[in-house]
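Novice: Pasting in a structure now, in structure tokens, and then I'll have a few things to ask.
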Amino acid sequence: MDDAGIEKALTFGKVDQLGFVVENLENSMKNFRDKLGIRDWYRPLLSDKSEGEIIYRGNHITPHWNFVVGYLGATQFELVAVSGEKDIYTEHLEAHGEGLHHICFFASDMKNKLAAYKKMGIEPIQSGTIMGKGGTVTDYAYLDGARVNGLIVEIIETRLFGVPIKMSPLMMKVGRAKGDLEKVRF
């Protein structure tokens with residue numbers, strides 16, 4: 001990949017998601033509802049195949065987190081509550097406490113983007129594949145060396161029937177119909 005190819009691979013349109021590490025998921029959802037008006041939250045319903053496919057700092061880990069996503073306009077907000085084995089989220093919670101953890105870009109060419117970062121010497125801190133019960137597959141990678149003013153950069157590629165899709169409020173409804181998501185009531 002030449003310099004022009006790297007530049008093209010690293011071009012993103014906009015920030016698609018803001019990710020927050022939280023201690024109490026329910027309290028945080030209520031806080032985001034009360035302060036920002038985010039009322040609808042969705043929790044992924046994970047396939048058993050998602051277990052053990054997470055790599056953190058070169059080691060396979062078993063995830064011990066609970067997360068939800070909601071929307072403010074077209075921007076997705078992710079809240080991640082953690083416990084258990086050390087991972088990128090517990091690392092943040094121990095060092096900084098609750099708060100903004102990452103900015104995320106949805107991609108349809110994640111392999112090219114990761115290859116471009118690798119050419120720059122930037123490898124994922126944590127990466128994995130999340131498989132929904134309804135068949136949706138999401139690959140993600142957090143890139144430490146690509147930090148933007150201290151925030152970690154995440155890249156996500158979600159596929160439905162093998163076709164890359166952008167997550168959106170409409171796709172949350174599709175995900176619920178397919179059995180990949182549940183709406184969280186609180």
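The values are calculated or read from the model by the stated rules, or taken from the named source; none is laboratory data. Note that the coordinates shown come from a computational prediction; the quantities given were computed from them, not determined experimentally. For neighbour counting, all protein chains shown are included, and Cβ atoms are generated from backbone atoms with ideal geometry for every residue, glycine included.
Novice: Scan the strands (runs of 3 or more DSSP E) fully inside the range 53-102 and keep the ones with 1 or more residues being within 23 Å of Asn31 (Cα to Cα) and either over 15 Å from the mean Cα position of the chain (by Cα) or among the acidic types (Asp, Glu) (or both). Don't jump to the end; show me each part of the working.
Specialist: On the way: elements: 54-56, 59-61, 65-72, 75-82.
The strands (runs of 3 or more DSSP E) meeting that bar are 65-72, 75-82.
Novice: Quickly run through the range 156-186 and pick out the residues that are surrounded by 16 or more Cβ atoms within 10 Å (Cβ to Cβ) and either among the acidic types (Asp, Glu) or more than 20 Å from Gly73 (Cα to Cα) (or both).
Specialist: Within the range 156-186, Glu157, Leu160, Lys178, Asp180 qualify.
Novice: Related question: Look at Tyr117 and say whether it is modelled with pLDDT under 95, touching a strand residue (DSSP E or B) at 6+ places or on another chain (Cβ under 9 Å) and either among the hydroxyl-bearing types (Ser, Thr, Tyr) or not in a strand (DSSP E or B) (or both).
Specialist: Yes.
Novice: Residues of the range 134-148 being β-branched (Val, Ile, Thr) and crowded, with 18+ Cβ neighbours inside 10 Å, which ones? I'd like the intermediate steps shown before the answer.
Specialist: Start the filter on the range 134-148 by keeping residues that are β-branched (Val, Ile, Thr), which leaves 136-138, 148.
Across the range 134-148, the qualifying residues are Thr136, Val137, Thr138.
Novice: Working carefully through the options Asp48, Asp40, find the one that is modelled with pLDDT of 90 or more and either among the acidic types (Asp, Glu) or within 24 Å of Thr129 (Cα to Cα) (or both).
Specialist: Asp40
Novice: Moving to a separate point now. Filter the range 158-177 for residues that are over 21 Å from Lys14 (Cβ atoms) and part of a helix (DSSP H, G or I) and give the result.
Specialist: Selection gives Lys173, Val174, Gly175, Arg176, Ala177.
Novice: Conditions first: (1) of a type outside the set (A, V, I, L, M); (2) touching a Lys or Arg at 6+ places or on another chain (Cβ under 9 Å); (3) over 18 Å from Val15 (Cβ atoms); (4) part of a loop (DSSP other than H, G, I, E, B). Asp139 passes all but one, so which condition is the exception?
Specialist: (4)
Novice: Please go through the range 61-82 and pick out each residue that is farther than 25 Å from Arg39 by Cα and hydroxyl-bearing (Ser, Thr, Tyr).
Specialist: Hit for the range 61-82 is Thr62, nothing else.
Novice: How many of the residues making up the range 105-133 are over 15 Å from the mean Cα position of the chain (by Cα), in contact (Cβ under 8 Å) with a residue 40 or more places away in the chain and surrounded by fewer than 17 Cβ atoms within 10 Å (Cβ to Cβ)?
Specialist: Residues meeting the conditions: 5.
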